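Nothing in this text is a laboratory measurement; each read-out follows from the coordinates by a stated rule. What you see is a predicted model, and the numbers here were worked out from it, not measured in a lab. Note: ideal-geometry Cβ built from the backbone for every residue, glycine included; neighbour counts use all protein chains shown.
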Amino acid sequence: MISMARLGFLKLGNIATSPMVELLLDERAEREDMEVRVVASGANMSPGQAEEVAKAMVEMKPDIVFVVSPNAATPGPKKAREVIAEAGIPVVVITDGPKKLLEELAERGMGGIIIEADSMIGARREFLDPIEMAIFNADAIKVLAVTGVYNIVYEAIDRIIEQLKRGEKPELPLIRVTRAMAIEAAGFSNPYAAAKAAAAYEMAKRVSNLTTEACFKEKDWKVYTALCAAAHELMRWAAMLADEAREIEKYGDSVLRRPHHRDGSLLSKRRLLEKPSKPSPSPS
């Protein structure tokens, strides 16, 4: 038994989950059952930088490391998880794809969470600048938050934390986040809210098809610039639909709120003017 789990988050490049992942575990900065260390390579995810930051993470001696990056099949993220695994530290990859990566991770005794709706940005110089990048990520974060994707992520990590605290070898997740899985995790009470959120999820997932075509397939700069713009407009409208879904829940005074207690347990409430409490155990 240990009183505290030590978590490492290694961030290479960026997906919309990257800025939020460790914050989802301690939204009020009061948890007493874990410590977090974050090492990042910024936007660059080359093998050299990935190896350097992975070695820095190993020196911090975390109990487990979550490697967060776009396309975790590329050389940089692959090198990072190899360095960490060679040090005997459990690894969980959080990424937008590819889906087939889960099989490889399972074979290597690693975990993985694939979030396809955390779509690639329209990274063409003719279109993308710092402000457009920030706006896109803000929209994507809203979609992932409202549709239940982030619920799946923090619940999976919370389970690992509890196992580490009990002195157990953690069961590493192998999850491909689907629309149905996300919407169920979001816990909507109103079916119209759930429908809007489902549409938002599908729109966000579709964004990567457009940005992949724009960034890697289309050669005509006018065509790929327009495709990038279309993709970002799609994410913008996905965020607006997600916002509508949450507003419906607000109007019914039925937003599901699940704050963390300082001991790491999840509390729950539906009404705005009620105290959160521990959920009743399910009947066996």
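Quick notes on this one:
- Taking 0.36 nm per residue of separation and subtracting the Cα-Cα distance, full extension of the segment from residue 180 to residue 46 would add 44.8 nm.
- All other residues whose Cβ lies under 12 angstrom from that of residue 54 are scored, Lys and Arg at +1 and Asp and Glu at -1, for a net of 0.
- Working note: 222 nm ellipticity from helices only, DSSP H runs with n ≥ 4, each -39,500 (n - 2.57), summed and divided by the residues of the chain, gives -15000 deg cm²/dmol to the nearest 500.
- Modelled label positions at residue 71 and residue 87, each set 7 Å beyond Cα in the direction of Cβ, lie 2.7 nm from each other.
- Under the Karplus curve 6.51 cos²θ - 1.76 cosθ + 1.60, θ = phi - 60°, whole-Hz ³J(HN,Hα) for the range 125-134, x wherever Gly or Pro sits: 4, 5, 10, 8, 10, x, 6, 4, 4, 5
- Database remark: amide H of residue 112 closer than 5 angstrom to the amide H of 93, 174, 175 (H placed geometrically; neighbours at sequence offset of 5 or more, or on other chains; Pro and chain starts carry no H).
- In this rough spin-label picture, where each label sits 7 Å from Cα along the Cβ direction, the residue 269-residue 162 distance is 2.2 nm.
- Estimated vicinal HN-Hα couplings, Hz - the range 232-246 in sequence order (Karplus 6.51, -1.76, 1.60; Gly, Pro = x): 5, 5, 5, 5, 4, 6, 4, 5, 5, 5, 4, 4, 4, 4, 5
- Converting phi to 3J(HN,Hα) with the Karplus coefficients 6.51, -1.76 and 1.60 and the offset θ = phi - 60°, the range 264-270 yields x, 6, 9, 9, 8, 7, 10 Hz in sequence order, with x at every glycine or proline.
- Gain in span if fully extended, residue 6 to residue 222, counting 0.36 nm per residue against the direct Cα distance: 72.9 nm
- Low-density loop positions, trypsin sites (Lys or Arg not before Pro), the range 25-100 - DSSP coil, at most 11 other Cβ in 10 Å: 28, 99, 100
- Stretch in the chain that is longest and holds no GluC sites (Glu not before Pro) that DSSP places in a loop and that have at most 15 other beta carbons within 10 Å: 172-273
- Cα centroid separation, the range 142-176 to the range 226-284 (Å): 17 Å
- Too-long pairs where the Cα-Cα distance tops 30 Å, listed order kept, from 142/278; 99/275; 78/142; 78/222: 99/275; 78/222
- Taking every DSSP beta bridge that has both ends in the chain, the antiparallel portion is near 10%.
- FRET efficiency for residue 131 and residue 27, using Cβ-Cβ distance with R0 set to 35 Å, rounded to 0.05: 0.85
- In loop segments of the range 176-284 as defined by DSSP, the trypsin sites (Lys or Arg not before Pro) with at most 16 further C-beta atoms inside 10 Å of their C-beta are 219, 262, 270, 271.
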